[in-house]
Amino acid sequence: MKTSMLALAAATSFVAYAPSALAEERAAADDASTSEEQANPKKPDTSFSVGEIVVTARGMAGSTNNVLTSVDRLGGDVAQDADVDNVYELIGQMPGILVTDFNQGTTNGKFSMRGFNGEGNINAVKLLIDGIPSNSNSGNMPYIDMVFPLNIAGIEVVRGTSDPRYGLHAIAGSANILTRSGGTFLDARASVGSYDTYEGQLVAGLERGNLTQNYQIAYRSSDGYRDHGDTERFSLSGKWGLTLGEDVKLGAIARYYDADAEEPGYLTFADSRANPRMTNAYNVSDGDTRTMQQYAVTADVSFSSDLDWSSMAYYNRLRDDRYVKYSVGASQQRRLTEEDHYGVSSALHWHSAISGVPFMFEAGGNIEWQDNRSARWLAVERVPTSQTRDQQFDLSVGGVYVQANIEPADWLRITPAYRIDWVGGNFSNLLNNTTAPINDYGSIDQPKLSVAVFPADGVTLYGNWGKTFQIGLGSGAYLIPPRQVDLAPSINEGWELGAKYQLGDTVEGRVAYWQQSATGEIARKLNDPLGDFENVGGTDREGIDVQLRLKPTAELSVWGALSWQKAVIAVPTPGAPQLAGNELSHTPRWLWSGGIEYAPVEPLTLSLTGRGQSSYYLTTANAEGKWGDLAVFDASVAYRLSETLELGLAVKNLAGSYYEYVWWDGAQTLHSPANGRNVTASARLRF
């Protein structure tokens, strides 16, 4: 199977990723007489924005502009001044995003959406950094920690099942973090805060002739809100771009990250209420060291104003060594993860008009090879006593897609698409010297269709339908005895109806109703020695997203979002018929977020943001009560003393509310209290 995947990569050099820098430059340089702009007098807009969005790219290869589904964007102005422990908290400010905050050292948390949780047993969001696929084998998001806020140019979240650009992990959508590119500047930010927290970030750009260079160096140290919560994080990155003539640009990206952290562990209910900042005596040696590397080379070619080609090759490296003990009666575990992922991607985009009908065609594909090791030991105070897992497994996943945009009338756009993925790989259990092949998933077909109607300026009505897929991850992807039958992929089928209205910069609003159903949903058994999986059954998810942004004056901006969602087991597995109709774990019904920004005088900016959620069940049995509701508000003030210097003060968890992450260990609830009220002072220098 691996040979066939290599052949696929050689025969098909198409795949999508973030809009190329070359496309951005050409878009800025081209005037309004280009054939695409003539052919598209109106543009459908299904996006919702928080912060200032700088739009420089037209709809070329791999662009989200070609996707007609709910898209959310966070501006670089919001990201760069943020005081957050981790970047996933930034994404949590965006509409309809669920943040799961474990608050356990490097295993800090993640975000999810569309009725999926962030527990790690089902990971449904494709993460990209500058278009580089950045999920681990399990679908988790460790690479997100490589990016610090000051280097973020914007964040783009695409929801639903109708986007054909990505296959693996894109069950409910994707998120792309775009870092700063081009320009000549020096930007530094230093902060000091509660819990002996210190952070320094430096971002620089140098643009000379046809060469651009961008660099980031960042360091963060904190004792943490809870005892035994010390962390140290270091990140270093560089981006280089070389333009050859007007039509070719080559690029390179390199990132390095190192972290060392203690873990405060989980508390019983009684201890979490009596002393939320405590740690358990048995967690004294828990902690983690993690290093990550990410490299990519890119090539972008504009053959003409109508034909564009973008390609990328990348390499991700993850090394994680963790010691963890979950409860007093459990053994400490050493968990070693070693992953090397390689991939290539490319997209070819052509737009023109056929018999007077504007038409766009895009062909793409990608392939990723993974070399993974997962090993575990029982340990006492970081001294391993016996090994319980030693697995080596390779995985190759590749797919191709085609997509078209057809505009038979100036008020209508129709976007059919089709994606097919294939999977290969082998598994070795090094403890007993046994091997197993990959499940024969066959070709995974994913038809998609989107339609947008824009009857008036500022109004877009849209609908979409599509299929995405889930395969077993870790050992769950392989035909390991006693399993004798190949596991079929879980197919997610979803649809959405939405309406977007925008009146200049004054009003922006969007409402959408969506549904998503899955066959044979697969969940990893997180603490299983073999890393096995369980079949959740057929699931149904549905929800409503409402978003509104108002800017009544130049000094005042207000935005808010409210989401209702429901995720249930529709068809339980034969062994658990009693679960029919039960809610999936850790999935709150309600999510909300919002903010106010007010600049009464030019150098002063005041802001207040908030987010919250309702409670959730801890397991699909729905028998352990509901936990995890929260309402948290943050306030900040920024004062710009000059064009160069800006001072800031932020108070997070303004009301000092208690909130937490909770899970069920089979006998009791275990709790990880979140940070209490905390204060950060910062200074930012820009040259």
| field | In region 451-469, the residues that are open to solvent by less than 20 Å² (accessible area, probe 1.4 Å) and not hydroxyl-bearing (Ser, Thr, Tyr) | value | 452, 454, 463, 464, 466, 469
| note | Counted residues in region 446-486 being over 30 Å from residue 411 (Cα atoms) and out of contact with any Phe, Trp or Tyr (no Cβ under 9 Å at 6 or more places or on another chain) come to 6
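One line per residue, one yes/no per condition, for (1) at pLDDT 95 or above; (2) over 19 Å from residue 226 (Cα atoms); (3) open to solvent by 20 Å² or more (accessible area, probe 1.4 Å); (4) not in a strand (DSSP E or B):
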residue	(1), (2), (3), (4)
251	yes, yes, no, no
265	yes, no, no, yes
290	yes, yes, yes, no
295	yes, yes, yes, no
298	yes, yes, yes, no
304	no, yes, yes, yes
312	yes, yes, no, no
317	yes, yes, yes, no
| Those residues of region 153-173 which are part of a strand (DSSP E or B), under 24 Å from residue 462 (Cα atoms) and in contact with a helix residue (DSSP H, G or I) (Cβ under 9 Å, 6 or more places away or on another chain), in sequence order | 155, 156, 157, 158
| What number of residues within region 486-514 are open to solvent by 60 Å² or more (accessible area, probe 1.4 Å), more than 14 Å from residue 541 (Cα to Cα) and in contact with a strand residue (DSSP E or B) (Cβ under 8 Å, 6 or more places away or on another chain)? | 6
| task | Specify which of the listed residues (116, 102, 111) is hydrophobic (A, V, I, L, M, F, W, C) and open to solvent by 10 Å² or more (accessible area, probe 1.4 Å). | result | 102
| Considering residues of region 360-379 that are open to solvent by 50 Å² or more (accessible area, probe 1.4 Å) and touching a Ser or Thr at 6+ places or on another chain (Cβ under 8 Å) only, the residue nearest to residue 133 (Cα to Cα) | 373
| message | Name the residue that is farthest from residue 497 (Cα to Cα), counting only residues in region 443-484 that are in contact with a strand residue (DSSP E or B) (Cβ under 6 Å, 6 or more places away or on another chain) and charged (D, E, K, R). | response | 445
| said: Quick check on my filter: what residues within region 453-469 are assigned to a strand (DSSP E or B) and of a type outside the set (Ser, Thr, Tyr)? | reply: 453, 454, 455, 456, 459, 461, 463, 464, 465, 466, 467, 469
| note | Subset of region 669-687, residues of a type outside the set (Ser, Thr, Tyr), surrounded by 14 or more Cβ atoms within 10 Å (Cβ to Cβ) and more than 18 Å from residue 85 (Cα to Cα), comes to 670, 671, 685, 686
| remark: If you go through 637, 601, 662, the only one that is part of a strand (DSSP E or B), among the aliphatic types (A, V, I, L, M) and surrounded by fewer than 18 Cβ atoms within 10 Å (Cβ to Cβ) is 637
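Can you pull out every residue in region 395-450 that is among the aliphatic types (A, V, I, L, M) and in a loop (DSSP other than H, G, I, E, B)? Walk me through how you get there before you give the answer.
At the first step, the residues of region 395-450 found to be among the aliphatic types (A, V, I, L, M) are 395, 397, 400, 402, 404, 406, 409, 412, 414, 417, 420, 423, 430-431, 436, 438, 444, 449.
Hits for region 395-450 are 430, 431.
Would you call residue 175 open to solvent by 40 Å² or more (accessible area, probe 1.4 Å) and either among the hydrophobic types (A, V, I, L, M, F, W, C) or modelled with pLDDT of 95 or more (or both)? I'd like the intermediate steps shown before the answer.
On the way: open to solvent by 40 Å² or more (accessible area, probe 1.4 Å): no; either among the hydrophobic types (A, V, I, L, M, F, W, C) or modelled with pLDDT of 95 or more (or both): yes.
The answer is no for residue 175.
The values are calculated or read from the model by the stated rules, or taken from the named source; none is laboratory data. Note that the structure is predicted; figures quoted are calculated from it, not measured. Please note: Cβ atoms are built from the backbone with ideal geometry, for glycine as well, and neighbour counts cover all protein chains shown. These accessible areas exclude ligands, DNA and RNA; they are computed on the full protein's heavy atoms, side chains included. Shrake-Rupley method; radii C 1.70, N 1.55, O 1.52, S 1.80 Å.
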